[in-house]
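Student: My questions all concern the structure below.
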């Protein structure tokens, strides 16, 4: 366990002492913040319109979770397509490029420990991005309180469930990114493969719309966003959790096999 923790610390120290990690965080915060403001402006516009037309019934149907927070979290999912490849591209590929992979394999660290340590460091980075996404609902709560100090309509159980779903999808993407990093010596190529692979994985849901019968059901199940929709809506089912855990374990196992094969070369 101490060796895994040492690998995690090493990777995190690299992430937080190079420009890549901070650039990913800053880009994520800026883009997601811009989208959040656009949705919030739309919510305010609709609220003012219903107030002017004296339509309290329609005003009561407006919900911050549905019109502001949920769309923001959906956009966080799409941003992971671009961020995760950069966060994971150097995990193993950089070791090979710098000719330190063989040295790492010569020390008493098992392939399992190496893969798990590298992966957990990526998961920590995903967790940080999810915490950044939480900033916007917190700000909305802080500045949308009424005189009695009651937050205006934010359902925090749905928010936290949604963020948990986003985190699980990010963790699954990170496992795939680790795999792509393990099959090449170039971090840039690893990032490109990860992006194309994640985009293809994402688009299975789009392809499913044109399919029929069991093909449609299979493609829909394989689409990651499908398993986050319920969580963002406040309902996280066991089937979704099983999907993400299975995806994570599958990509970690493949990464382990690749790393282990290098050990005997």
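Student: Helix-only estimate, please: 222 nm mean residue ellipticity of the chain, summing -39500 (n - 2.57) across DSSP H runs of length 4 or more and dividing by its residues, to the nearest 500.
Tutor: -26500 deg cm²/dmol
Student: Below 8 Å between Cα atoms, with a sequence gap of 6+, how large is the relative contact order for region 2-263 in percent?
Tutor: 25
Student: Tell me the label-point distance for the pair residue 226, residue 203, using the 7 Å Cα-to-Cβ offset, in nm and rounded to one decimal.
Tutor: Rounded to a tenth, the inter-label distance reads 1.7 nm.
Student: By count of other Cβ within 10 Å, fewest leading, how are 98, 35, 125 ordered?
Tutor: On the way: 98 11, 35 19, 125 24.
In increasing order of surrounding Cβ atoms, one gets 98, 35, 125.
Student: Tell me the label only: which of (1) 75, 48, 30; (2) 55, 39, 34; (3) 61, 48, 35 is Cα extents along the principal axes in Å as calculated from this structure?
Tutor: The value matching this structure is (1).
Student: Against the longest alpha carbon principal axis of the chain, how many degrees, from 0 to 90 and to the nearest 10, is the axis of helix 213-222 turned?
Tutor: Approximately 80 degrees, to the nearest 10.
Student: What ranking do 127, 222 get, fewest neighbouring Cβ atoms within 10 angstrom at the top? Let's see the in-between values first.
Tutor: Numbers: 127 13, 222 16.
The fewest-first ordering by Cβ neighbours comes to 127, 222.
Student: Using only Cα atoms, find the angle between the long axis of helix 156-182 and the longest principal axis of the chain, and express it within 0 to 90 degrees, rounded to the nearest 10.
Tutor: It works out to around 30 degrees.
Student: Also: I'd like the orientation of helix 70-88 relative to the chain: the angle between its Cα long axis and the longest Cα principal axis, in ° from 0 to 90, rounded to 10.
Tutor: Around 20 degrees separate the two axes.
Student: Also, I was wondering about something else. For 118, 99, 10, what ranking results if the residue with the fewest other Cβ atoms within 10 Å of its Cβ goes first?
Tutor: Sorted ascending by nearby Cβ count, the order is 99, 10, 118.
Student: Work out the FRET efficiency for residue 143 and residue 10 from their Cβ-Cβ distance, taking R0 = 45 Å, and round it to the nearest 0.05.
Tutor: FRET efficiency, residue 143 to residue 10: 0.65.
Each reported figure results from applying straightforward, stated rules to the coordinates on display, with no laboratory input. Worth saying up front: this structure is predicted, and the values here are computed from it rather than measured. Positions of Cβ are generated from backbone atoms using ideal geometry, with glycine treated the same way; all protein chains shown enter the neighbour counts.
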